[in-house]
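Notes for the one structure printed next.
The values are calculated or read from the model by the stated rules, or taken from the named source; none is laboratory data. This structure is a prediction, so every number in the text was calculated from the model and none was measured. Quick reminder, even Gly has a Cβ in these numbers, built from the backbone with ideal geometry, and neighbours come from all protein chains shown.
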């Protein structure tokens, strides 16, 4: 048996599942989900637990300026750059047990499987827990990986504040006090990165596939539309005299929904937050704001659809005034062909049903992809539900994704 | 000169305007509006001021079980039932100086003009300030007139609570302690009621008319629509797999707006309060609720349009589930032909431009119309703006409306 077979067979489904159960207690909610927001006491407890496991296996831990936590299994070449794998341990306020945490525990299981199988790799392999991927307490999200990749400025991020005015650097200091780790050597040179994650969508389950071979991450653009009308008495103001901000917003939204109905169902168009002022049943709304979240794997398509949104706002504003502002623009990420091929090959060799797919959600991998060859592995989650306390996945699928990860890491670490 | 001429000529524009200025200080806001909610300290101060003016003219005051405040100028027939005129002194939290208060001060000015002119009437004429018309502190609104007319149960209303849990009867007791008045004789027999009010809409100003001859009050029906979809990740969930509650709500609202676009612009259709859950930009909305306020002078039209609303909900709910619930149904009020004719005749005789119109808003007159011949007089308000601190009207128009009132009251009190 070669080293790849030895390592993938050493993945232990029961251990991986038990580790999920142990982590789910930290910030666990009555409904079975977790509330483990970035740099909270619960996050610190999760860091401590991961480090205790690392210590018992003799793996070295380290942390960097934004609090990313690394667990290293040494390689045979002392000068080689590491291969990294991981995700995040922070959750949404009413999050699930698998979003992020699965990627960290799969990476740690990979280190343990390599250790149990006695498989040496040329390059070190590291498990990483990126700080604050969710962005629900401190904005922006995917912060730790972005700082590591040099995309965001560390000092600026340390001064981010949560809703209660707590500064990130203070929350980080308290976290590192509760879960201390040695400082990591500076530098971010890597020879590869692989992140495993639950899909957070229904496509694998619908297609009855176990492994998603992730080809890239959709680009996303977010907009805020503001419609300014005029408040008026609902009983006395004729339609002709109204500037009804909600009526104009409805006309815009209907036009946008029609214009974004692509036959292939690739575009993701969502109006998620809508605020109507003053919000009184007998007052004509004077102001409406709504957000648009739009995603597509191709920049050209995002451009084209953005034009239709702007057109809908311009056409349907009257008799109100309206603006549309683009507030974020994240370019699509295309993962490295070598890593995508390795993930697909591993799934095939392990006889796991699989399909190529883009990621609908953003992940830390989108930042790390700027540093080194990068790929992702998806496994199904029940009914595609995520960011929800009822988020669920099967132990079998979690183990299958981890086996694909182990094979890919061994190949990257030895090439 | 006959008594009608003597009385209408005794209306003093300067005095009426000054009384508005005096009252506007009680609960006055920095923006020039008032915050004088029902049975507040400011309301008590307004009652005290009105009673002090009444006392100085020798008019008798009285109050009933719900705190309605009456100022009586005696008639020549001690057995005759009174003619009533008035409105309310409470305001919205950010209300204007004229909504309600004008009707009370016009009625009081009518008593003073009659007194100044030495005009005797057969029946007593009373000015009234109805308790809690706005309904912003204690629900429901138009409470005092409804209790007086026997439409609402006094004991139930006394147990109404405000947002802080204060019971109405306790607020009323404190108000009457600060502004005590003798108890009114029981009974609600009247021979006529006339209420003057700012229009609270733009029609008089647009048509350049001074007097609105109010023919009745629109019926109104209020609905709550609830759309239940399913929360989902905005980046990962294909359109075909979504149950987007806001998308369905937009389709319903667009269909409703199209169906309620009557050529004559008589129907009033307003979606005023819209709530979209969970309200996160990157989550497909799982639930939307919105209110519909619909008004029309004819019951048959309300029936017909309600059917189109129900049809829109049924047609456009899918793939979500939706319900529409009618939460209030106030039948149209048709004012008494005699009073409407008297108001129109008075305007003509006084050479004031005028037009017949229904009232878009509800008023205390809708309850009193069940007791006796009732009518209303409207005057323009600037740009139709009301329930707003910038609400405005001219001293000339306020005096003109009061002259129409005086003539109508004299005719009713002597017929």
Confirm whether residue A:363 is on the phi > 0 side of the Ramachandran plot, in contact (Cβ under 8 Å) with a residue 24 or more places away in the chain, crowded, with 21+ Cβ neighbours inside 10 Å and out of contact with any helix residue (DSSP H, G or I) (no Cβ under 6 Å at 6 or more places or on another chain).
no
Only residues that are buried (at least 22 other Cβ atoms within 10 Å of the Cβ) and either in contact with a strand residue (DSSP E or B) (Cβ under 6 Å, 6 or more places away or on another chain) or outside the structural domain of residue B:324 (by TED's automatic domain parsing) (or both): list them for region B:243-252, please.
B:244, B:245, B:246, B:248, B:249
Taking the conditions exactly as written (buried (at least 24 other Cβ atoms within 10 Å of the Cβ), in a loop (DSSP other than H, G, I, E, B) and either in the same structural domain as residue A:22 (by TED's automatic domain parsing) or modelled with pLDDT of 95 or more (or both)), does residue A:109 satisfy them or not?
no
Looking for something within 12 Å of chain B (Cβ to nearest Cβ), over 21 Å from residue A:152 (Cβ atoms) and at pLDDT 95 or above - is there at least one such residue anywhere in region A:314-337?
yes
Test: residue A:284 is in contact with a helix residue (DSSP H, G or I) (Cβ under 6 Å, 6 or more places away or on another chain) and farther than 19 Å from residue B:235 by Cβ:
no
Criterion first (in a helix (DSSP H, G or I) and within 23 Å of residue A:175 (Cα to Cα)) does residue A:70 satisfy it?
no
Determine whether residue B:95 is in contact with a strand residue (DSSP E or B) (Cβ under 7 Å, 6 or more places away or on another chain) and within 24 Å of residue B:199 (Cα to Cα).
yes
Scan region A:279-295 for residues that are within 7 Å of chain B (Cβ to nearest Cβ) and either under 30 Å from the mean Cα position of the chain (by Cα) or outside any loop (DSSP other than H, G, I, E, B) (or both) and jot them down.
A:283, A:284, A:291, A:293, A:295
If you check residue B:70 against the conditions, is it modelled with pLDDT of 95 or more and either under 23 Å from residue B:372 (Cα atoms) or not assigned by TED's automatic domain parsing to the domain that holds residue B:150 (or both)?
yes
Condition check: buried (at least 23 other Cβ atoms within 10 Å of the Cβ), in contact with a helix residue (DSSP H, G or I) (Cβ under 7 Å, 6 or more places away or on another chain) and assigned to a strand (DSSP E or B). Does residue B:201 satisfy that?
no
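Residue by residue, here is whether (1) at the interface with chain B (Cβ under 8 Å from one of its Cβ atoms); (2) closer than 19 Å to residue A:311 by Cβ; (3) in a helix (DSSP H, G or I); (4) touching a residue at least 40 places away in the same chain (Cβ under 8 Å) holds:
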position: A:227; (1), (2), (3), (4): no, yes, no, yes
position: A:255; (1), (2), (3), (4): no, yes, yes, yes
position: A:263; (1), (2), (3), (4): no, no, no, no
position: A:269; (1), (2), (3), (4): yes, yes, no, no
For region B:45-52, check the following and say yes or no: at least one residue is more than 30 Å from residue B:153 (Cα to Cα) and surrounded by fewer than 24 Cβ atoms within 10 Å (Cβ to Cβ).
yes
For residue A:200, the lone unmet condition from (1) more than 7 Å from chain B (Cβ to nearest Cβ); (2) within 30 Å of residue A:336 (Cα to Cα); (3) in contact (Cβ under 8 Å) with a residue 60 or more places away in the chain is (1)
Just wondering, is there one or more residues in region A:85-102 that are in a helix (DSSP H, G or I), under 20 Å from the mean Cα position of the chain (by Cα) and modelled with pLDDT of 95 or more?
yes
Residues (in contact (Cβ under 8 Å) with a residue 12 or more places away in the chain, within 7 Å of another protein chain (Cβ to nearest Cβ) and in a helix (DSSP H, G or I)) located in region B:232-246
B:246
For region A:296-313, give me each residue that is away from chain B (no Cβ under 14 Å) and surrounded by 20 or more Cβ atoms within 10 Å (Cβ to Cβ).
A:309, A:313
In this structure, is residue B:197 within 24 Å of residue A:284 (Cβ to Cβ) and touching a strand residue (DSSP E or B) at 6+ places or on another chain (Cβ under 8 Å)?
yes
State whether one or more residues within region B:341-358 are within 17 Å of the chain's Cα centre (by Cα) and either at pLDDT 95 or above or in the same structural domain as residue B:11 (by TED's automatic domain parsing) (or both).
yes
Checked region B:280-295 for anything buried (at least 24 other Cβ atoms within 10 Å of the Cβ) and either more than 13 Å from residue B:222 (Cβ to Cβ) or modelled with pLDDT under 95 (or both); matches are B:284, B:285, B:288
Criterion violated by residue A:211 - all others in (1) under 18 Å from residue A:382 (Cα atoms); (2) at pLDDT 95 or above; (3) within 14 Å of chain B (Cβ to nearest Cβ) satisfied
(3)
